[in-house]
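Please treat every number below as a calculation from the coordinates, not as lab data. Since this is a predicted model, take the numbers as computed values, not measurements.
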Amino acid sequence: MSSLYPYDCHARRAPCRAKVLVAEDHEDTRQLLRMLLEKRGLSVVEAGDGFEAVDAAEREQPDLILMDGGLPLLDGIAATRRLRRLSALSAVPIVFLSGHAEPQAQTDALDAGCDEYVVKPFEIERLDMVLRRHLPGRGGQHDEGV
Ligand code: CA
């Protein structure tokens, strides 16, 4: 019997889909990411600024964080640094989503503790690659179009 939720730990009884925190202040982008992630069977938590991102990460203990670089109040770099200082979140994968392609911007994000740097706008395939890499076996599987 195949489970409706491929990410269940114990089929039917205890759903434990991988959880992704989407820290992004641009509403349309956030909704698009939510839609894409949910379509891939993932559970999504949203944050609209850097403080919210840190709070939501502490509260929700996500399996992956997609961190917009240009967040209000506390930018993506500062939020990432804060997260890396929290022991419970020191190892959660953080993928930085940035509109800046310059090597220095990438270096800064990686120095702050991000695992990967993705330049926006990006293709859906790039997102799937990120999910496969950071949520192995839990996030890259879907066989429909967007
Ligand atoms: Ca932004």
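Brief remarks on what is shown
- Cα Rg, Dmax, segment 17-83, angstrom units: 10.9, 31
- With all projection directions averaged, the alpha carbon convex hull of segment 10-134 covers 7.6 nm².
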